[in-house]
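The values are calculated or read from the model by the stated rules, or taken from the named source; none is laboratory data. Everything quoted here is computed from the prediction, not taken from an experiment. In this analysis, Cβ positions are derived from the backbone assuming ideal geometry, glycine residues included, and neighbour counts consider all displayed protein chains.
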Amino acid sequence: MHTVKIHAPAELNFADPILHLWYPDLNLSPKEFEPEGTDDFGPVFNLSLKRNFFCFKFADRAGGNRIWEKEERCYGQHLGPEVWTVVRNNEVYPVRPEKPVGSTAEFYAEIRPFIHPGQYIPDTDLSGSNPTMLGANFLTDGSTVFGLFHPRAAQVYVVGDFNDWQSPYHAAPDQKKFLKMKLYYGYQNEPNIWLLRTSLPEPGKKGKSHYKFLVIGGVPLTEDRRPVRYVQDPYARRYGSDYNHNNCEIIDPTTYIWNDMLWRTTPVDELIIYELNVYGFTDQDPRVPQEIAGTFRGIIHRIEEGYFNELGVTALALMPTSEAPTRLGPTRLGYDPCGFMTIERDFGSCDDFRVLVDTAHQHGLSVIVDQVFNHTSNTFNPLWEMIDDGTHGGFYFSGSTPWGNRVATEKEIVQNMLIDACKMFIREYHIDGFRFDATHSSWLDHSLLHNLACQIKDKGFKRDCILIAENLPNEPDLNLEGYNGYAQWCDPFHDKVKALLREGVYQEWTDDSPNNLGSIFYFCRDYYAAHTNNVINYVESHDENSVPFEVATRGDGLVGDPAKERKSRLGLFATMVALGQPMIYMGQEFGVDRPRNRIDLNWPEFLKKSTYHQWAAGLISLRRRYRGLRVSGYNPAAEGKFHWLLGPWLKTERGGGKRIIGWYTTPNENPWEQILVMLNFEPFDAEVQLEFPQPGYWVKLADIDRVEDIPPFGENSVASFTTIKAEGRPLNFILPSSSAFIYKWESPLAGVV
């Protein structure tokens, strides 16, 4: 016979409780048992059975009418001779479950005076119930608060090198060293947050800062069939150096002294984004000391050298900085995260990251971090089955994506965690904004993005936070009110320009016809965007072939270096002049020839292409200097700021039926701000008729081969032989094959005798 004592929870409030028992694999009649008594937990049922596996539920006879509880549970002998149950789930626990001792709001009131202004104590709860205090957080009084969300656990312990990893499941348990957590009402006012405030570890004490949580119940069985698991903290800021154990490391974010008090995040309409991989950007750079190459410090070195300032970009978009299990190498992109709050150990310390951001700000550069919220790594995945609720992968997952298991972003509590991650990066690392990976509604629930924007921008956590979505194909619901919505990587612009450059079909879905040419240069307003702020234009990214590589796949005379370089320049030119915000990918400023998903850069080879780099930097400088190259708004044409000159839909002499586009801008009443732009994607010279918007001298600032600004940034003037004198009548103009031009109006008196 097998005997087992089952504890029912007093919270059932049954006047006449019974235990209803059946064997799911046998066609036998159910049995009912009455309690043999009641203890301080609730009714107690002592069973003596022939079989060691059965299912059961509780009911109240209530005068002969059965009132059933909603949960059905199953018992196996591996759980031991005495088990406990709770009302809120169907778990059967081998230990007595903790009862809630209060709310997290009450706990928070006690610690609030000891929170340092430079640290983020997690507080997001979309239901508005309670702050959470998850993770491991030092307080100014020397204590540490540990917090874990786990709605199905019976007991939770903090274990670490500061208490010799002691718990009831240690090989030699020492109860005096146990750090047992207490259960509190937290999310949605349910008992699901475990908290502990302790004097351990001592802040700043070396070698005593690694920890995990030991969870009993609500987790998969171990090899010896115990529902016990050591879990990593989802809110860990960093993992320790031991890659076998991956212990979490307690980080004090308040010891770094910031120097960016006067910094202001770059406005969206002034963004010129440079996407880079932390490892790949400097790993093969001979100008970076070997000991810091491929790390945060390597990028700091390049910032301090003035590389990005010389290039002229205004924001660094870092590919994922979160911990990822893949080894470093030329294809190591980092889009397989195993933590949303963690910093990649291979890149450096948390303070190294702070120095990077601080240094960037001191050099006028915003920093945007790539967040991968749609899936996690399948190799090392701390969230997988951390909360075993009977679904595949557990509480944090729902379904799959092409890249890994899909994070359950439709769940409000999961959203709380992801919003907390962004808040932590803002508060503790002074991050300016985020780019969110693969956010199409097929892979990520858009309520997360809407709630995130509300929590961070609308509620004032960081009103100027830059929010960018890789939402391909683009969807309009992320526009919000337009100016304050998400900027999106612009799929129509990328695909159409790539098709035009390769003179053929791109990826079997976009052709190089003149159709929609105006739309993609006018911030894709016809496709999805409500405002120019909703658009990030690009022709290269980590996920796409570089232009030289792409056009060469077409063949037909595009495999030679001169043709590839010309197309590359035309692509960069188009990116810089189109309405919206431009983005380039590391190496694009040298016309790198590279397939998608490669992060290795041949810097020695790049340096031989200095003329390309100088041209690219000059083009970027024009974008920054002239408002007419970055007009913005809901509809600049309707506002009189934007005017078409050339286009496939116009008359033949104005580009009709051809892959030709041209416009001029009048961003304000100052005639000196007028800019004229023309691009020819045809593989042949084309003659067009230009009607310059104003008589006077139009100075050529740039074409495919050269950039020459006017003083004080150049020596160009109305006296240059390339200047066009407009006299109020149409002028015939030859647009060479694969060419582009920028002209600026100057007074007839400027520099002319």
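Numerical summary
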quantity	calculated
Residue ID - surrounded by the fewest Cβ atoms within 10 Å (Cβ to Cβ), chosen from residues in the range 20-59 that are among the acidic types (Asp, Glu) and either under 14 Å from residue 82 (Cα atoms) or more than 53 Å from the chain's Cα centre (by Cα) (or both)	39
Residue match in the range 715-723 (condition: modelled with pLDDT of 95 or more, closer than 30 Å to residue 650 by Cα and not in a loop (DSSP other than H, G, I, E, B))	no
Filtered residues of the range 522-562 (kept if surrounded by fewer than 16 Cβ atoms within 10 Å (Cβ to Cβ) and not in a loop (DSSP other than H, G, I, E, B))	561, 562
Subset of the range 77-131 [of a type in the set (Ser, Thr, Tyr) and at pLDDT below 95]	127, 129
Residue count for the range 131-153, restricted to those that are part of a strand (DSSP E or B) and on the phi > 0 side of the Ramachandran plot	1
Residue in the range 252-262 that is at pLDDT 95 or above, among the β-branched types (Val, Ile, Thr) and within 18 Å of residue 159 (Cα to Cα) present	no
Any hit, the range 339-350, residues being buried (at least 22 other Cβ atoms within 10 Å of the Cβ) and either polar (S, T, N, Q) or not in a loop (DSSP other than H, G, I, E, B) (or both)	yes
Single unsatisfied condition, residue 623 versus (1) surrounded by fewer than 17 Cβ atoms within 10 Å (Cβ to Cβ); (2) in contact with a Leu (Cβ under 7 Å, 6 or more places away or on another chain)	(1)
Residues satisfying the stated conditions in the range 278-335, i.e. under 30 Å from residue 249 (Cα atoms), among the hydroxyl-bearing types (Ser, Thr, Tyr) and part of a loop (DSSP other than H, G, I, E, B)	295, 321, 322, 326, 331, 335
In the range 669-697, the residues that are under 18 Å from residue 573 (Cβ atoms) and either aliphatic (A, V, I, L, M) or in a strand (DSSP E or B) (or both)	675, 676, 677, 678, 679, 680, 686, 688
Residue in the range 282-291 that is crowded, with 19+ Cβ neighbours inside 10 Å, modelled with pLDDT under 95, acidic (Asp, Glu) and touching a Lys or Arg at 6+ places or on another chain (Cβ under 9 Å) present	yes
Failed item in (1) in contact with a Pro (Cβ under 8 Å, 6 or more places away or on another chain); (2) of a type outside the set (Val, Ile, Thr); (3) over 16 Å from residue 681 (Cβ atoms), with residue 555 passing the rest	(1)
Residue within the range 687-710 that is of a type in the set (Phe, Trp, Tyr), more than 18 Å from residue 664 (Cα to Cα) and without any contact (Cβ under 8 Å) to a residue 60 or more places away in the chain present	no
Members of the range 169-186 that are outside any strand (DSSP E or B), in contact (Cβ under 8 Å) with a residue 12 or more places away in the chain and under 22 Å from residue 226 (Cβ atoms)	169, 177, 178, 181
